[in-house]
Structures are given as C-alpha cells and as structure tokens.
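Student: Structure in structure tokens, see below.
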Amino acid sequence: MTAAIGVDPQRSRSSIVLRESSGLGTQISVVGDGRRRLIPNAWGGGATEDPWDPEFLRGIRGRLSQYLGVDAGYRITLAVPLEKRVLEVCAAAGLTGVGCVDPADALLCRWLSEPVDGAWRGRVSVAVVGETRTWLASYQVNADQSQVRRLPGARSVPYGSGAWCAELRRMVLDRCGEGAVDPVAVLDGVYEFGAALDPVQPTQWRGPLAERMFTPLRLSRAEMLAWPSVREVTGALRELEGQVVVGGVGAIWPFYDRAWRSDAPEHDLAVGAAWWPELAPYFSGLPVPAAEPATFTGQDEGTAPWLRSS
C-alpha cells in the first residue's frame, strides 16, 4: 500500500486529505477537524487569514498525529508554490519532510486521477480558483505515453473567491440587528450558499443569522455574475482553450459551466497534492523536489483546538 497526505492551505480555511492506494483501489479520506471538512484557520490565535500561523500548523501536526499515529511516515505535499519560507515555518511547527506542488499542477493531478474511457490526448487548461488568486495553466497531455508537458503562458490573476465571499458576508450582516456574530459560522453559511446557488432561480439565505434579518437575502447566479469580483475570474476562464478543468475552494460557486468540475471542488487541490508524489515523474519541464516521509516532531504541551473538549 502507498499513502500520501495532501494539504491545500487557503487564507481562511484549509483542506487536508489522505490518499491510500493498494491493489484493491484507491481511497480518499478528508481529514477534517471533527466538525468541519474544511478546517478554519482561526484556531487558538485567531489568525483567521493566515494558514502559516504557527499555532495553526501545530494544530495540523496534532491532528495528523492523532489521525494517523506518530511517525506514520506518510509524505505530506502542500498545494503551494515552492518557497523556502514555507518549508521553514512548517519545520518550526514540527512538520518535516514536507514537499510542495504548484496549485495548477495539483489540480491537473486531480483531473488525471479520475477514471476515463480510453486514453486522453490533447490540450488541458486548468483554473485554480483560490481565495486570493486564480492560477491558470495549460498542458499537453498524452495519456498513451504517460506524458504531461506544461505549455508556456502559465499565469495567475489577483482575484479569487475571497472577494465575493466578503461581499456576501457584508450583505448578510447589513440585514441583521445588533448582537454577537460568529465569523466562522457565517463563513460556513457563505460556502453552503455557494454550493446551493441555483443557475436560474434566486437562492435565499437560510444560514446563520437568517432569523435576525430585517428582510430576506435572495440572490441569483445572474446577479452575482455581474459583480466585478466575479467578472474578473470568469473573464479569465473564458480565455482558456481545450478541455477546461476548474477546481479549488472558489469552484464551489457554479459560475462557469463549460468546464470539468468535481463533486467536491473545495478538496481538489489537496487530493491532487496527495497524488503528486506518484504522478510527478510524468510531468516534463518542472522542478520536482524530493520530499522525505514526514515525521511529527516537537510535540508541545498544549492541545490542538480541534482536540479540546467543548
């Protein structure tokens, strides 16, 4: 059996998955925090918009130790561009042997992991819709010969789902009276609203604070497509050629129909990162830094927030 861990660290929430493959097939398991499948970055220190916060990383280390057992030896791959600082902060939090994969490469790995009839050959363009950026890249895929070549012109645009999530959150709060607000719960509702957004009919907000609203909040996909923050992303997607693959936490929102999208796009990058150690040799023209099996070291005396009793 081979096993690997993939992590997609976004600004406010992160996805962690475990991939286990054997002769009987492959199993993908989402490693949530015990309550949510997407883990809020706002654990102990309140660093809601920093996936590199030391306490958050120590929480990941603690969760993996509990979920897999200490010294499990599984490879950990982050769906982020390779940066020395990333590896340093992970090591300081006790996560060693960590590797990185470009988000676009991770999404292509996610698509390649899907069973298809026949062998694919042709151009595949991917769009990774994150919270703060959207990564765009194209590849020439020759499944007959197990070859993947990234084509020139990969880029990113400084727009993602964070902008329209913030706008929706503002609209929710503007319709509410005074009182305590749980920002994590509201963000839960934002994601649920996005997943439920109807292509034609307006969708009503039924998430947190709905009972406190002066007037109901209803939005249609057409209305949201007119928002500048959404137009910037959909405009970039329309420029893609070939088979288009859209994934990432922002792909929860059904703003672009002419693309392949998984049933759980919010976990696509983590799943693709978990596949990266196995699929990386088929990519040409890319640096493939080797990652040693991970160890979970330097356990502190504190308990990770997801392990604390309520």
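Student: Can you tell me which residue is surrounded by the most Cβ atoms within 10 Å (Cβ to Cβ) among those in segment 81-94 that are touching a Pro at 6+ places or on another chain (Cβ under 8 Å) and in a loop (DSSP other than H, G, I, E, B)? Please lay out each step first, then the result.
Tutor: Kept after step one, since they are touching a Pro at 6+ places or on another chain (Cβ under 8 Å), are these residues of segment 81-94: 81-82, 89, 92-93.
Remaining after also requiring in a loop (DSSP other than H, G, I, E, B): 81-82, 93.
Values: PRO81: 14, LEU82: 13, ALA93: 24.
Result: ALA93.
Student: Given the structure, is ARG75 modelled with pLDDT of 80 or more, out of contact with any Phe, Trp or Tyr (no Cβ under 7 Å at 6 or more places or on another chain) and buried (at least 22 other Cβ atoms within 10 Å of the Cβ)? It would help to see each step written out before you state the result.
Tutor: Numbers: modelled with pLDDT of 80 or more: yes; out of contact with any Phe, Trp or Tyr (no Cβ under 7 Å at 6 or more places or on another chain): yes; buried (at least 22 other Cβ atoms within 10 Å of the Cβ): yes.
So ARG75 fits the description; yes.
Student: Count, please, the residues in segment 235-245 that happen to be in a helix (DSSP H, G or I) and surrounded by fewer than 16 Cβ atoms within 10 Å (Cβ to Cβ).
Tutor: Residues of segment 235-245 in a helix (DSSP H, G or I): 235-237.
Going one step further and asking which of them are surrounded by fewer than 16 Cβ atoms within 10 Å (Cβ to Cβ), we end up with 235.
The qualifying residues number 1.
Student: Give me the strands (runs of 3 or more DSSP E) completely within segment 109-205, filtered to those with at least 1 residues that are basic (Lys, Arg) and within 22 Å of THR77 (Cβ to Cβ), ordered by residue number. Can you show your working first?
Tutor: On the way: elements: 121-129, 134-142, 147-150, 155-157.
The strands (runs of 3 or more DSSP E) meeting that bar are 147-150.
Student: When VAL141 is evaluated against the numbered criteria (1) among the hydrophobic types (A, V, I, L, M, F, W, C); (2) modelled with pLDDT under 95; (3) under 14 Å from ASP8 (Cβ atoms), which criterion, by number, is the only one it fails?
Tutor: Going through (1) among the hydrophobic types (A, V, I, L, M, F, W, C); (2) modelled with pLDDT under 95; (3) under 14 Å from ASP8 (Cβ atoms) one by one, VAL141 breaks only (3).
Student: From the set of residues in segment 121-166 that are without any contact (Cβ under 8 Å) to a residue 24 or more places away in the chain and not polar (S, T, N, Q), which is farthest from TRP111 (Cα to Cα)?
Tutor: Taking segment 121-166 and keeping what is without any contact (Cβ under 8 Å) to a residue 24 or more places away in the chain, we get 121, 140, 142, 145, 152-153, 155-156, 166.
From the residues that got through so far, the ones that are not polar (S, T, N, Q) too are 121, 152-153, 155, 166.
Details: ARG121: 13, PRO152: 20, GLY153: 20, ARG155: 19, ALA166: 29 Å.
Top of the filtered list is ALA166.
Condition check ((1) more than 21 Å from the chain's Cα centre (by Cα); (2) more than 26 Å from PRO254 (Cα to Cα)) across all residues:
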{"site": "ALA104", "(1), (2)": "no, no"}
{"site": "LEU107", "(1), (2)": "no, no"}
{"site": "ARG123", "(1), (2)": "yes, no"}
{"site": "VAL126", "(1), (2)": "no, no"}
{"site": "VAL129", "(1), (2)": "no, no"}
{"site": "TYR139", "(1), (2)": "no, no"}
{"site": "GLN147", "(1), (2)": "yes, yes"}
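Student: Test of understanding: among TRP306, TRP253, which residue is among the aromatic types (Phe, Trp, Tyr) and at pLDDT below 90? Steps first, answer last, please.
Tutor: Details: TRP253 fails: at pLDDT below 90.
From the options TRP306, TRP253, the qualifying one is TRP306.
Student: Answer yes if at least one residue in segment 181-189 is farther than 16 Å from GLU266 by Cβ and touching a Lys or Arg at 6+ places or on another chain (Cβ under 7 Å), and no otherwise.
Tutor: Let us first name the residues in segment 181-189 that are farther than 16 Å from GLU266 by Cβ, namely 181-183, 185-186.
If we keep only those that are touching a Lys or Arg at 6+ places or on another chain (Cβ under 7 Å) too, we end up with 186.
So far as segment 181-189 goes, yes, one or more of its residues are farther than 16 Å from GLU266 by Cβ and touching a Lys or Arg at 6+ places or on another chain (Cβ under 7 Å).
Rundown of residues vs (1) of a type in the set (Asp, Glu); (2) farther than 19 Å from ARG155 by Cα; (3) surrounded by fewer than 24 Cβ atoms within 10 Å (Cβ to Cβ), yes/no style:
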position	(1), (2), (3)
GLY247	no, no, no
ARG258	no, yes, yes
ARG261	no, yes, yes
TRP275	no, yes, no
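Student: Any residue at all in segment 193-212 that is closer than 30 Å to LEU151 by Cβ, under 16 Å from the mean Cα position of the chain (by Cα) and not aromatic (Phe, Trp, Tyr)? Outline the logic, then answer.
Tutor: From segment 193-212, those closer than 30 Å to LEU151 by Cβ are none; that's our starting set.
No, segment 193-212 has no match at all.
Student: Only one of GLY153, GLY189, GLY97 is among the small types (Gly, Ala, Ser), more than 20 Å from the chain's Cα centre (by Cα) and surrounded by 18 or more Cβ atoms within 10 Å (Cβ to Cβ); which? First the steps, then the outcome.
Tutor: Values: GLY153 fails: surrounded by 18 or more Cβ atoms within 10 Å (Cβ to Cβ); GLY189 fails: more than 20 Å from the chain's Cα centre (by Cα).
After applying the criteria, what remains is GLY97.
The values are calculated or read from the model by the stated rules, or taken from the named source; none is laboratory data. Fair warning: this is a prediction, and the values are worked out from it, not measured in the lab. FYI the Cβ positions are ideal-geometry reconstructions off the backbone, even for glycines, and counts take in every protein chain you see.
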